[in-house]
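The values are calculated or read from the model by the stated rules, or taken from the named source; none is laboratory data. A quick note: this is a predicted structure, and the numbers were derived from the prediction, not measured. Note that each Cβ is placed from the backbone with ideal geometry, even for glycine, and that neighbours are counted across all protein chains shown.
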Amino acid sequence: MSIPPPYGPPHTPDPQEPQGPPGQYPAHQAQGPYPPPQFPYGGQPGFAPYGLYGPYGPRPPAAVNGVAVAALVLGVLCFLPAVGLVLGLVALRQIKRRGERGRGMAVAGAVLSSAGLALWVAALSTGVASDVWEGLKDGARGGSVLELDKGDCFNSPGGLGGWTTDADLVPCAREHDGEVFAVIDLPDGGYPGDDSLTDTADERCYDLQDAYVMDAWALPGHVDVYYLVPSRVSWRYGDREITCLLGNRDPGGTLTGSLRRDATTLDAHQLAYLEAVAVLNSAMEQAPEAESVEEDLPGHREWAEKIAAALGEQTGMLREHEWPAGARQPVRELAAGLDEAREEWTKAAGADDVDTYYEHYDRGWELTDPEDSVTAREALGLATTPPAYDEEAENDTGGGEMKV
């Protein structure tokens, strides 16, 4: 219990006299320290407004607990509700121990943060957070990578490297940094991590490239695959997309013109031819891991059998389609040569020794020479220059990951 002060004019305390504990403010506030306590109704430092007296005369009011202020701010803003709740509880403990003011703010901050935390849990469990994220994406207007879709061409301020959030859509006929060829939806759950997202993008994007650019001959050698993957922060707010891009192998280079070669840009005859070609290409990609036949003759024989089957399916597709007059003869000749190749691959599949395998393998490989299809391609209006295999480019660091 305090002792009432004597009558008479208030006594000005000695400047050396202790003025009470200083306020405690959270160190993480980037704005700087809180302002000194305000004295309402005309009070001044050193004078006690409205009867705040001690045994030796008037004293200044107790400092406001800074942690309580921070708890209230976080509670009102509903930002980091778990942190706001913890700060509110810490503030109550400090206020009781130090005799500071701010108990009401600490309680309010803790209550509001508790309510905010409950709302966040409910939102995550009911999918509301995903709806909010979709709303944010729908609200994006020209300038966000979140609105990129298949077929879009765009420029990014930093090119195709590192972190990016900006993308300016441009017509594909104009110079641009990248062209989107696929968007992959990821399942919900915890953040998979950078390595997992990169592995998924590597596997899925390269597979989907062939569906967007069905004619590999039309893909320039300086083009490579890039991808945009969610960051840990964007994942927290519902980002579940990997965006697959085509860009210049040199991250600082650009592209001009669309690279899209699929059903939206090809005529029926071009599409039929490329679908037949894709059958053989798929079988060719299934070569055994052991490059040397001596190391794995059974594996190579099995592969030769797959190629023979693919050649049979391809020639059947080429003969079944009704080609335009100018392409009938070139396609017929191409199919005849592929029939001979199928016979050689079939013999390689039944070879009893390595030498016999190589004999038929070499002949079969010659009969599937891409140059043999140039005349048919020219008649159909497709690219006529076979893609060159560039080992140095394959080992280059071109292409890669971008973070949202």
Total residues in the range 212-238, condition hydroxyl-bearing (Ser, Thr, Tyr) and either over 18 Å from residue 253 (Cβ atoms) or touching a His at 6+ places or on another chain (Cβ under 8 Å) (or both): 4
Go through the residues of the range 298-312 one by one and say whether even a single one is surrounded by 15 or more Cβ atoms within 10 Å (Cβ to Cβ) and of a type in the set (Asp, Glu). yes
By residue number, the members of the range 346-404 that are surrounded by fewer than 17 Cβ atoms within 10 Å (Cβ to Cβ), hydroxyl-bearing (Ser, Thr, Tyr) and either outside any helix (DSSP H, G or I) or at pLDDT below 95 (or both) are 384, 385, 389, 397
Out of curiosity, is residue 342 assigned to a helix (DSSP H, G or I), touching a residue at least 40 places away in the same chain (Cβ under 8 Å) and in contact with a helix residue (DSSP H, G or I) (Cβ under 8 Å, 6 or more places away or on another chain)? no
With respect to residue 196, determine if the residue is modelled with pLDDT of 90 or more, at negative phi and surrounded by fewer than 14 Cβ atoms within 10 Å (Cβ to Cβ). yes
In the range 219-240, residue modelled with the highest pLDDT [restricted to those that are surrounded by 16 or more Cβ atoms within 10 Å (Cβ to Cβ) and assigned to a helix (DSSP H, G or I)]: 235
Sort out which residues of the range 281-297 are surrounded by fewer than 19 Cβ atoms within 10 Å (Cβ to Cβ), in a helix (DSSP H, G or I) and hydrophobic (A, V, I, L, M, F, W, C), and write them in order of number. 284, 297
Can you find a residue in the range 155-165 that is surrounded by 13 or more Cβ atoms within 10 Å (Cβ to Cβ), at pLDDT 90 or above, in contact with a Cys (Cβ under 6 Å, 6 or more places away or on another chain) and not small (Gly, Ala, Ser)? no
Just checking, does the range 180-188 include any residue being over 12 Å from the mean Cα position of the chain (by Cα), of a type in the set (D, E, K, R), under 27 Å from residue 157 (Cβ atoms) and not in a helix (DSSP H, G or I)? no
Can you find even one residue in the range 116-134 that is at pLDDT below 85, acidic (Asp, Glu) and surrounded by fewer than 18 Cβ atoms within 10 Å (Cβ to Cβ)? yes
State which residue pairs qualify: first residue in the same structural domain as residue 217 (by TED's automatic domain parsing) and among the aromatic types (Phe, Trp, Tyr) and inside the range 267-288, second residue surrounded by 14 or more Cβ atoms within 10 Å (Cβ to Cβ) and not in a loop (DSSP other than H, G, I, E, B) in any location, beta carbons under 8 Å apart, and separation of 6 or more residues or different chains. none
